Amino acid sequence: MCRLRQRDYRQSLVVAALLAFLSAVPAAAAQGGLATSGQVVAHTRRTVGGKTTLTIAKLWFTRNRYRLETSYDSGRPVIEVYNGRAAYRWTEGARNGRVWHPTGLNVIQEVVHPLLEQSKVPHLKRIGTARVAGLPCTIYSGVRQASATPGAWWKGALAVRIWRSQDRRFPYVLRTTGADAKGNRVESEVIELRLNLKIPEDRFRPSTFTQFLPPPDVRRGRQLIAAPLPIGPVAIHLADPLKAGKASPGRRVVSFAGQRLALEPRALAGTRDLQEARLEPHAAPKGKPQEAIVLYLSPAAAARVARTGAKARGRYLVVLVGGKPVAAPRIQRTWPEEENRVYIVASSAKQLSQIAATLQGPLRSLSR
């Protein structure tokens, strides 16, 4: 499997910001009824081990722009702005910040929805109705077990209540409470909500006081190969699933993880676009961290892959090493043009070593 890393560029969207502990009950509203702009203010108060922290999040959004301000206790707010072309992130008053370039970003689906739909609670029970921030809500109750939640801040079981909006324009969680038997607890609530309003242009402008720099390119682990030394053949292709029959002329069919994939004839990136390959620790979605081979693309190739991926949701990105498929992730969301990493996660250490040896070609001694 291959993953294009995004967390370094979108970190503020997964911290305890808007409703830091939320549940994902299936949304009842149709996509067409969603609000196309809005202003949201939410407070999250969490007590762990007797210490209470307060997070205040303010979000302004349209279909193609957003501004998110997140304050932790009495600290200066961290601000993130996307103006439709580039995303900027800085701390209020700071002289330096970061800039990156998401391609084809859908703000409603990729920013607003993840902020308001973070965590899942199994076996929810409907217990009533109420209003939050002026919208009618359905109230659910459930329990989350710390043992089944990596990095859980509570102990044992967390009794949860969730207020989900019934309004078609904004079918998200507007309030959440949770408490365990040890006194740890959380309460998140949207305290201000305005939908389908005209937002002033200056909300989507970055600070003129701050100098914005590209995100740091931190490379870890052990280097396997580096250009311009001889490298085994590498190619990255866009592909479509093929359930039966033959592919159209000029398209090669490969099999990966039990699926047949028809490759686009022209590769998005190849051996000449590869800067280096490294063996790095990889945080798998489930289970223990494992090693992965990371291919580092040149800036031009990384931007080309990102721009293509923005128009290819639902299709596959197939990585070939030595002519054989070693990764085939489905494209589900966009990523920044600065994202130059392609992860290859093998099913075993032996398979990973075989891929590394193919990459190294005559330079196998580097892996010893």
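Please state which one of Ala146, Ala152 is touching a helix residue (DSSP H, G or I) at 6+ places or on another chain (Cβ under 6 Å) and modelled with pLDDT under 95.
Only one candidate passes the filter, namely Ala152.
Filter segment 99-123 down to the residues that are over 19 Å from Gln39 (Cβ atoms) and touching a Leu at 6+ places or on another chain (Cβ under 6 Å) and list them by number.
Gln118, Ser119
Here is a yes/no grid of residues against (1) among the polar types (S, T, N, Q); (2) in contact with a strand residue (DSSP E or B) (Cβ under 8 Å, 6 or more places away or on another chain); (3) open to solvent by 30 Å² or more (accessible area, probe 1.4 Å):
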site: Tyr140; (1), (2), (3): no, yes, yes
site: Ser147; (1), (2), (3): yes, no, yes
site: Pro150; (1), (2), (3): no, no, yes
site: Ile162; (1), (2), (3): no, yes, no
site: Phe170; (1), (2), (3): no, yes, no
site: Val173; (1), (2), (3): no, yes, no
site: Gly178; (1), (2), (3): no, yes, no
site: Glu192; (1), (2), (3): no, yes, yes
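So if I check each of Ala292, Ala244, Ala300, which one is within 25 Å of the chain's Cα centre (by Cα) and open to solvent by 60 Å² or more (accessible area, probe 1.4 Å)?
That would be Ala300, the only listed residue that is within 25 Å of the chain's Cα centre (by Cα) and open to solvent by 60 Å² or more (accessible area, probe 1.4 Å).
In segment 295-309, how many are among the polar types (S, T, N, Q) and under 25 Å from Thr358 (Cα atoms)?
Counting residues in segment 295-309 that are among the polar types (S, T, N, Q) and under 25 Å from Thr358 (Cα atoms) gives 1.
So if I check each of Ala87, Ala42, Ala94, Ala35, which one is under 20 Å from Val186 (Cα atoms) and among the small types (Gly, Ala, Ser)?
Ala42
Quick one: in segment 225-253, of everything that is of a type in the set (A, V, I, L, M, F, W, C) and more than 24 Å from Ala301 (Cα to Cα), which residue is modelled with the highest pLDDT?
The qualifying residue modelled with the highest pLDDT is Leu242.
Taking Ala226, is it among the aliphatic types (A, V, I, L, M), surrounded by 15 or more Cβ atoms within 10 Å (Cβ to Cβ) and either within 17 Å of Gly322 (Cα to Cα) or touching a helix residue (DSSP H, G or I) at 6+ places or on another chain (Cβ under 7 Å) (or both)?
Yes; evaluated as a whole, the condition is true for this residue.
Which one is least open to solvent (accessible area, probe 1.4 Å), of the residues in segment 42-51 that are of a type in the set (Lys, Arg) and in contact (Cβ under 8 Å) with a residue 40 or more places away in the chain?
Once the filter is applied, the top-ranked residue is Arg46.
Report yes if Arg126 is over 30 Å from Ser37 (Cβ atoms) and open to solvent by 70 Å² or more (accessible area, probe 1.4 Å), otherwise no.
Yes: the conditions hold for Arg126.
Can you give me the number of residues within segment 151-193 that are touching a residue at least 40 places away in the same chain (Cβ under 8 Å), over 20 Å from Phe61 (Cα atoms), part of a loop (DSSP other than H, G, I, E, B) and under 25 Å from the mean Cα position of the chain (by Cα)?
Final tally of qualifying residues: 2.
Name the strands (runs of 3 or more DSSP E) wholly within segment 283-368 that hold at least 2 residues that are over 20 Å from Thr271 (Cβ atoms) and at pLDDT below 95?
Fully inside segment 283-368 and qualifying: 290-297.
Between a first residue in segment 345-368 that is surrounded by 10 or more Cβ atoms within 10 Å (Cβ to Cβ) and a second residue that is of a type in the set (Lys, Arg) and at pLDDT below 90, which pairs have beta carbons less than 7 Å apart while being 6 or more apart in sequence or on different chains?
Ala357/Arg364
Residue by residue, here is whether (1) over 28 Å from Trp100 (Cα atoms); (2) among the charged types (D, E, K, R); (3) open to solvent by 20 Å² or more (accessible area, probe 1.4 Å) holds:
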| position | (1), (2), (3) |
| --- | --- |
| Ser37 | no, no, no |
| Val40 | no, no, no |
| Thr53 | yes, no, yes |
| Arg63 | no, yes, yes |
| Leu68 | no, no, no |
| Asp73 | no, yes, yes |
| Arg76 | no, yes, yes |
| Ile79 | no, no, no |
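The values are calculated or read from the model by the stated rules, or taken from the named source; none is laboratory data. Quick caveat, the model's predicted, so the values are computed rather than measured. Please note: Cβ atoms are built from the backbone with ideal geometry, for glycine as well, and neighbour counts cover all protein chains shown. Accessible surface areas use protein heavy atoms only, side chains included; no ligands, DNA or RNA. Shrake-Rupley method; radii C 1.70, N 1.55, O 1.52, S 1.80 Å.
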